[in-house]
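The values are calculated or read from the model by the stated rules, or taken from the named source; none is laboratory data. The structure displayed is predicted, hence computed values, not measured ones. Methodologically, a virtual Cβ is constructed for each residue, glycine included, from the backbone with ideal geometry; neighbour enumeration extends over all protein chains shown.
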Amino acid sequence: MREVRIHGRGGQGAVLASAILAGALVEEGRHVMAIPAFGFERRGAPVVAFLRFDDKPIRRVTNIYTPEIVLVIDPTVSASVNVFAGTPQGSTLIQATAKEAEALALPAHLARVALCDAVHIALDIFRRPITNTIMLGAFARATGLVSPNSLIKALEQADFRDAGLKQNIEAVQRGFAETRVLELDGAAAA
């Protein structure tokens, strides 16, 4: 079973990203449980969503405390939230950032880091810093656990109020193509 935590800010679509990812995983025949978490539901406040998936039925309905994959769709959220809380040895971080890995404060237990300049891509595509679908493409690139084609099929089922389907498909594709994946020492102890 795989567990994922998605960090973002209110208004960026972290919960929608979780739902789209869940739909893509179901498209690939997996069993999925998406768990949105609502706290301060105002634009700009830190938001978190969770996802659990497996090849067999999921019986566990608890919260997710030790996610092996953390997807951070906002480059500033880690300044106010510990995005690494509970992550075990050998974890993967998928981060929206223009920075290089050396410029980030990364814990030693990470096995993989994937970096995507999602804000730049979002401004190019949407003219706004909405990075959720871009970072789904980054997730696909970093983990190999879902294909871009399945994400696109899930996008076709989603309801986009402000942005069109064509733009979001381009966002997934560019997120996949423009993500840099680095293998780290944390993998050795995993």
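Here the stretch 131-154 is the region considered, the condition is being hydrophobic (A, V, I, L, M, F, W, C) and under 13 Å from residue 170 (Cα atoms), and the residue that is surrounded by the fewest Cβ atoms within 10 Å (Cβ to Cβ) is 152. Does at least one position in the stretch 54-64 carry a residue that is surrounded by fewer than 21 Cβ atoms within 10 Å (Cβ to Cβ) and in contact (Cβ under 8 Å) with a residue 60 or more places away in the chain? The answer is yes; a qualifying residue exists. Check whether at least one residue in the stretch 157-176 is surrounded by 15 or more Cβ atoms within 10 Å (Cβ to Cβ), aliphatic (A, V, I, L, M) and farther than 20 Å from residue 24 by Cα, and report yes or no. No, the stretch 157-176 contains no residue that is surrounded by 15 or more Cβ atoms within 10 Å (Cβ to Cβ), aliphatic (A, V, I, L, M) and farther than 20 Å from residue 24 by Cα. Only one of the numbered conditions (1) charged (D, E, K, R); (2) within 11 Å of the chain's Cα centre (by Cα); (3) surrounded by fewer than 23 Cβ atoms within 10 Å (Cβ to Cβ) is violated by residue 68, and that is (2). Taking the stated definitions as given, is residue 93 within 26 Å of residue 150 (Cβ to Cβ), modelled with pLDDT of 95 or more, in contact with a Phe, Trp or Tyr (Cβ under 7 Å, 6 or more places away or on another chain) and of a type outside the set (Val, Ile, Thr)? Taking the combined requirement at face value, the residue does not satisfy it. Scanning the stretch 32-52 finds no residues that are of a type in the set (A, V, I, L, M), out of contact with any Pro (no Cβ under 9 Å at 6 or more places or on another chain) and in contact (Cβ under 8 Å) with a residue 60 or more places away in the chain. For the stretch 99-126, the set of residues classified as buried (at least 18 other Cβ atoms within 10 Å of the Cβ) and charged (D, E, K, R) consists of 112, 117, listed by residue number.
Among the conditions (1) crowded, with 23+ Cβ neighbours inside 10 Å; (2) assigned to a loop (DSSP other than H, G, I, E, B); (3) modelled with pLDDT under 90, residue 47 misses just one, which is (2).
For the stretch 163-187, filtered to residues that are in a helix (DSSP H, G or I) and at pLDDT below 90, the residue that is nearest to residue 73 (Cα to Cα) is 165. Filtering 87, 97, 92 for residues that are touching a Lys or Arg at 6+ places or on another chain (Cβ under 6 Å) and within 25 Å of residue 36 (Cα to Cα) leaves a single hit, 92.
Residues in the stretch 89-98 that are surrounded by fewer than 22 Cβ atoms within 10 Å (Cβ to Cβ) and touching a residue at least 40 places away in the same chain (Cβ under 8 Å): 89, 90.
Residue pairs whose Cβ atoms lie under 6 Å apart, separated by 6 or more positions or on different chains, with the first residue in the stretch 115-137 and without any contact (Cβ under 8 Å) to a residue 60 or more places away in the chain and within 19 Å of residue 93 (Cβ to Cβ) and the second among the hydroxyl-bearing types (Ser, Thr, Tyr) and not in a helix (DSSP H, G or I), are 118/131.
For the stretch 76-96, residues that are assigned to a loop (DSSP other than H, G, I, E, B) and at negative phi total 10. For the stretch 23-36, the condition holds for at least one residue, the condition being that it is buried (at least 21 other Cβ atoms within 10 Å of the Cβ), out of contact with any strand residue (DSSP E or B) (no Cβ under 8 Å at 6 or more places or on another chain) and under 21 Å from residue 177 (Cβ atoms).
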